[in-house]
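The values are calculated or read from the model by the stated rules, or taken from the named source; none is laboratory data. What you see is a predicted model, and the numbers here were worked out from it, not measured in a lab. Glycine gets a Cβ as well: all are built from the backbone with ideal geometry, and neighbour counts include every protein chain shown. Keep in mind that these areas ignore ligands, DNA and RNA; they rest on the heavy atoms of the full protein, side chains included. Shrake-Rupley method; radii C 1.70, N 1.55, O 1.52, S 1.80 Å.
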Amino acid sequence: MILLLNNTITPAELNDLKNLLDDKNFRYRHLLLNLKQVLIIYKFPQNFDIQSIAELQGVAKIIDVKEPYKLASKQWQNSPTQFDVNGVSIGGNSFNMIAGPCSVENEDQIFQIAEFLHKNHIRFIRGGAYKPRTSPYAFQGLKKEGLKLLRKAADAYNLNVVTEVMDVSLIDEVSEYADIMQVGSRNMSNFYLLSHLGKIQKPILLKRGMAAKIPEWLMAAEYVLSGGNEKVILCERGIRTFDDTVRNTLDIAAFPIIKELSHLPVFSDPSHGTGNRDRVIPMALASVAASCDGLMIEVHPNPENAMSDGPQSLYPHQFESLLPTLKTMLHSTGRVMDCEVEGQLI
Ligand code: PEP
Ligand code: MN
């Protein structure tokens, strides 16, 4: 249940409302979202006549959201969430491509990729500086040095930066260099991190936990939204199944299901979703057919020598070969890439 409050509600009226809810043992949270004041009621006494609250001073509307995720649900907001990252639109009818290596490795590597992406009119570069690795002995990323290199390369080629934030202690540092902060699959259930990311205004790309059900993923998004940050992008990156023929199983059905349940944009990461570069392009196109709003793809100038995820990283020529088909598919459904207006490059 969400109470939308009148913008003109006075502090005294708000206090009265809260006192009444407290007296009746309601559990709720008061939030200011995009200049809208709301009270999210997540627990209320059984048999309570909710209409009696609708009549109280200061309450504009009651929205009965049945799902446990409230702000992420379509019952709260039917229209697709759309926002802008330095002039590039995300969500709605927009389609975005985020590409780059798994990890930032050195200046030469990241500049080569940045130049390549710029040449292909890509707007977002990815690259991990803080890497969540299964082995503590594996390359852990260049950390702050990697963030600086990524930002430098992005600025030289007019790209926006997407990079992972692994811990609350790194939020300030990463947000200084990133335009979009990624939460990795392993951190999807780090609720402390998510609630802190709700307090900043940078967009959050929230990867699906590799063993997370769709409602759990949406509840993770709810942590960010309920902190006051409405700029959340979901990213399907494959789940663990019984089948180890693939690194992960990209859940293509997740795209139409998310569209049914939520207004949040949902991207596809067919690189982690398959673990093998030869499967990345077919699964990227399948995700587009299944209504994803963007792609995140790993591409490396020299995948054989990549310090992480080489086998799933596309060669630059493979990445280039995807673009015409991708655009044709998008155009056939009245959509365009973020580098085009009505099918023309901008
Ligand atoms: C990544 O994008 O580099 C990454 C580690 O992804 P995930 O969290 O999906 O494994
Ligand atoms: Mn990777």
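Which semi-axes, in whole Å and largest first, does the equivalent ellipsoid of the range 41-148 have when worked out from the alpha carbon gyration tensor as the square roots of 5 times its eigenvalues?
On the way: eigenvalues 421, 85, 23 Å².
One finds semi-axes of 46, 21, 11 Å for the range 41-148.
So what's the convex hull volume per residue for the Cα atoms of the range 115-204, in Å³? Write down the numbers at each step before the final one.
Values: hull volume 9.2 nm³, N = 90.
Here the figure is 102 Å³ per residue.
How large is the Kirkwood hydrodynamic radius of the range 86-131, counting all unique pairs of alpha carbons, in Å? Intermediate results must be reported in sequence, preceding the final value.
Details: mean 1/r = 0.0861 Å⁻¹.
Taking every pair of different Cα atoms in the range 86-131, averaging 1/r and inverting gives 11.6 Å.
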- prompt: Can you tell me the Rg and Dmax of the range 244-346, counting just the alpha carbons, in angstroms?
  reply: 14.3, 42
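Calculated from DSSP H runs of 4 or more alone, at -39500 (n - 2.57) each and per residue, what is the 222 nm mean residue ellipticity of the chain, nearest 500? Each step should come with its number before you reach the end.
On the way: 11 runs with 112 residues, N = 346.
The helix-only estimate for the chain comes to -9500 deg cm²/dmol at 222 nm.
Please pull out the direction-averaged projected area of the chain, using the convex hull of its alpha-carbon atoms, in nm² to one decimal place. If you can, show how the numbers build up before the last one.
Working: hull surface 74.9 nm².
If you wrap the Cα atoms of the chain in a convex hull and average its projections, you get 18.7 nm².
To the nearest 20 debye, what is the magnitude of the charge dipole of the chain about its Cα centre, counting +1 on the Cβ of each Lys and Arg and -1 on the Cβ of each Asp and Glu?
Details: 35 positive and 39 negative charges, 85 e Å.
Using only the charged Cβ atoms, the result is roughly 400 debye.
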query: Peptides 191-201, 322-332: what's the order by average Cβ count within 10 Å, highest mean first?
result: 191-201, 322-332
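Report the antiparallel proportion of the DSSP beta bridges in the range 150-283 as a percent, rounded to a multiple of 5.
If we restrict to bridges inside the range 150-283, about 5 percent are antiparallel.
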Estimated distance in nm for a label pair at N276 and Y42, the labels positioned 7 Å out from Cα along Cα-to-Cβ: 4.1 nm
Gaussian network model of the chain, springs between alpha carbon atoms under 10 Å - residue of N96, N120, N187 with greatest fluctuation: N120
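Express as a percent, rounded to the nearest 5, the fraction of DSSP beta bridges in the chain (both residues included) that run antiparallel. Mind showing how you got there, number by number?
Numbers: 21 of 50 bridges.
Close to 40 percent.
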message: Once the convex hull of the alpha carbons of the range 178-327 is built, what does its volume come to per residue, in cubic angstrom?
response: 117 Å³
- request: Once you've got the GNM for the chain with C-alpha springs shorter than 10 Å, pick whichever of V85, V161, V174 has the biggest mean-square fluctuation.
  value: V85
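Averaged per residue, what accessible surface does the range 213-274 expose to a 1.4 Å probe, in Å²? Kindly include the intermediate steps, with their values, before the conclusion.
Numbers: 2180 Å² over 62 residues.
Here the residues of the range 213-274 average 35 Å² of exposed surface.
FRET efficiency for H30 and D84, Cβ-Cβ distance as r, R0 = 30 Å, nearest 0.05?
On the way: r = 27 Å, r/R0 = 0.91.
Efficiency at R0 = 30 Å is approximately 0.65.
Remind me, relative contact order of the chain in percent, using alpha carbon pairs under 8 angstrom and six or more residues apart? Walk me through the intermediate numbers first.
Numbers: 703 pairs, mean separation 54.9, N = 346.
Contact order relative to length: 16 percent.
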- prompt: Highest GNM mean-square fluctuation, the chain, Cα pairs closer than 10 Å: which of A129, A178, A253?
  reply: A253
Hits among lysines - C-alpha to C-alpha of K327 under 20 Å, sequence gap 8 or more where chains match: K119
